[in-house]
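All remarks here apply to the structure that follows.
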Amino acid sequence: MSDLISIKGGRDGLRMRFDDTADWPALLVQLEQQLTQNQAFFNGARLTLELGERSLDEIQLSELLNLLQHHGVVADALSANAREARNAARAVGITARPLPRYADPPPGTPSLAPESEALLLTRTVRSGQVLRHSGHITLIGDLNPGGELIAGGSVIVWGRLRGFVHAGALGNAEVVICALELSPTQLRIADQIATTPPRSNGPHVPEVARIEQHQIVVESWENYKR
Amino acid sequence: MARVITITSGKGGVGKTTTTANLGTALAMRGARVAVMDADIGLRNLDVVMGLENRIVYDLVDVVEGRARLRQALIKDKRLPELCLLPAAQTRDKDAVSPEQMVYLTNQLRTEFDFILIDSPAGIEGGFRNAIVGADEVIIVTTPEVSAVRDADRIVGLVEAAEKGTPSLIVNRIKPRLVNRGEMLSVEDVIELLAINLLGIVPDDEAIVTSTNRGEAAVYDQHSLAGRAFLNIARRLNGEEVPFLPLQDQPGVLERFFGIFGRRRT
């Protein structure tokens, strides 16, 4: 996402990793920028903060939490090596953990693009349920009306897609949304928004949505693959 | 082993209380010891629907707060000695009871009854959470309307998140004539979306209005289609295989006339 802050998604939710050594005020400025730019992705998100070797006092941590909260983000947990940072977390009432055994390399380390990490799920996503992932999402099952999938990469629904999907929510417009039955309440790709007109209840064919000349276009899978 | 079953819906006005009263009565008619509990504190209805309103002395909150023993608060049904009602308090609100107290209460009832049916309030807040916290199984009632089905979907997610297993479904107030004309969601449409096990289909029936107002369950009425549907659901709860009722409207006099008239012209 940037060279000082990176976002990762896993089965257990989103993690935000901060650079170990960079100047703290500069980090906050960059975080603010990222949150504003990627508002669609972050608004409503819950995540774990990963501080690595960095130490924070209670005031600095509160400052960070306020900034996140201002953008609709809730930090559930914090993992850090420094005891002071973990104590600060407990003082403000969030779960503190030591660093995971297989910690991510600090941001800036050359690695695969974040979208290359995919999340595979087999379930029904029901009204009121939101799945958020920094990479691709593949759902084997239905996405019901009122349910939401928000991904940094592409979204594939092997089932009926009737809810809300935002693909490329971190700004990438080179992504697709495809489904066996594409009847969404709303689709978003990067910063484009599309609604679908109500369609007859005839047989559905698999379809793909993508961006073409700054607009979301939908076509059947048979046409798309040619 | 007693079974604690919560009847809930998300949306209000789809027939939770009617379903609770009728299933409770039907199960008791078949010889089970049944307690029905009204968890809609502050908006109690179950006592009215069962015609027991004037017998209330103590309620659920009195028991929880120690003013009455459970046995004192349980009201025996007018006809069936095996059926008891634990009424909700009318002058308090949902915060009067904690989840721990609900679990304690249902566990006490388990020792004396075969079935404990809990009538949940509408919504997804504390009252709903209290209603499911002590349950072994959850039944979701919906009507074939888009808004009711949407709320039911939300509730399925919350019930699964609360680790109460996948709930089963009753589709209430279906109007076969509207379904045939494609103007109402069919049971298949509802099942396709919710993807949960169907426990029963209850046709729309005017007899429900009269039975509710009289305070007598529709399952007593031999001629009520809805009453028969509820009896069948009670049998399915007991593990019997009962086929679903054929869904056909009895045509009215006028329609029969137009029906003949229409056929002559074609």
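The values are calculated or read from the model by the stated rules, or taken from the named source; none is laboratory data. None of the values given here were measured: they were computed from a predicted structure. When we count neighbours, we look across all protein chains shown, and the Cβ atoms used for this are built from the backbone with ideal geometry, even at glycine.
Those residues that are surrounded by 19 or more Cβ atoms within 10 Å (Cβ to Cβ) and touching a Pro at 6+ places or on another chain (Cβ under 9 Å), I need them from region B:229-247; list them, please.
B:ALA229, B:ASN232, listed by residue number.
Tell me the residue from B:ALA161, B:ALA218 that is of a type in the set (A, V, I, L, M) and more than 14 Å from chain A (Cβ to nearest Cβ), please.
B:ALA218
Among the residues of region A:207-216, is any surrounded by 13 or more Cβ atoms within 10 Å (Cβ to Cβ), without any contact (Cβ under 8 Å) to a residue 40 or more places away in the chain and part of a loop (DSSP other than H, G, I, E, B)?
No.
Conditions tested, residue by residue: (1) assigned to a loop (DSSP other than H, G, I, E, B); (2) under 30 Å from A:GLN33 (Cβ atoms); (3) within 12 Å of the chain's Cα centre (by Cα).
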{"position": "A:ILE137", "(1), (2), (3)": "no, yes, yes"}
{"position": "A:LEU149", "(1), (2), (3)": "no, yes, yes"}
{"position": "A:ALA169", "(1), (2), (3)": "yes, yes, yes"}
{"position": "A:LEU180", "(1), (2), (3)": "no, no, no"}
{"position": "A:LEU187", "(1), (2), (3)": "no, yes, no"}
{"position": "A:PRO203", "(1), (2), (3)": "yes, no, no"}
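Which residue, of B:ARG79, B:ARG129, B:ARG154, B:ARG110, is over 15 Å from the mean Cα position of the chain (by Cα), within 14 Å of another protein chain (Cβ to nearest Cβ) and under 30 Å from B:ILE201 (Cα atoms)?
B:ARG154
Here's the yes/no breakdown for (1) of a type in the set (D, E, K, R); (2) crowded, with 18+ Cβ neighbours inside 10 Å; (3) more than 24 Å from B:GLY51 (Cα to Cα):
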site: B:GLY127; (1), (2), (3): no, yes, no
site: B:PRO144; (1), (2), (3): no, yes, yes
site: B:ASP151; (1), (2), (3): yes, yes, yes
site: B:GLU160; (1), (2), (3): yes, yes, yes
site: B:PRO167; (1), (2), (3): no, yes, yes
site: B:VAL190; (1), (2), (3): no, yes, yes
site: B:ASN197; (1), (2), (3): no, no, yes
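Out of the residues in region B:20-48 that are among the polar types (S, T, N, Q) and crowded, with 24+ Cβ neighbours inside 10 Å, state the one that is nearest to B:ILE132 (Cα to Cα).
B:THR20
Any residue that is surrounded by 14 or more Cβ atoms within 10 Å (Cβ to Cβ), out of contact with any strand residue (DSSP E or B) (no Cβ under 9 Å at 6 or more places or on another chain) and not hydroxyl-bearing (Ser, Thr, Tyr) - is there at least one of those in region A:4-17?
No: zero hits.
Across region B:102-150, what is the total count of residues that are part of a helix (DSSP H, G or I) and small (Gly, Ala, Ser)?
Here the count works out to 5.
Checking B:ARG214 against (1) over 28 Å from B:ILE41 (Cβ atoms); (2) modelled with pLDDT under 95; (3) of a type outside the set (Phe, Trp, Tyr), only one condition comes out false. Which one?
Single failed check for B:ARG214: (1).
Looking only at region A:1-25, which residues are over 13 Å from the mean Cα position of the chain (by Cα) and over 13 Å from A:LEU64 (Cβ atoms)?
A:SER2, A:ASP3, A:LEU4, A:ARG17, A:ASP19, A:ASP20, A:THR21, A:ALA22, A:ASP23
For every residue, the table says whether it meets (1) at pLDDT below 95; (2) of a type in the set (A, V, I, L, M); (3) farther than 23 Å from B:VAL146 by Cα.
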position	(1), (2), (3)
A:VAL92	yes, yes, yes
A:ARG97	yes, no, yes
A:LEU120	yes, yes, yes
A:GLN129	yes, no, no
A:GLY135	yes, no, yes
A:VAL157	no, yes, no
A:GLY171	yes, no, yes
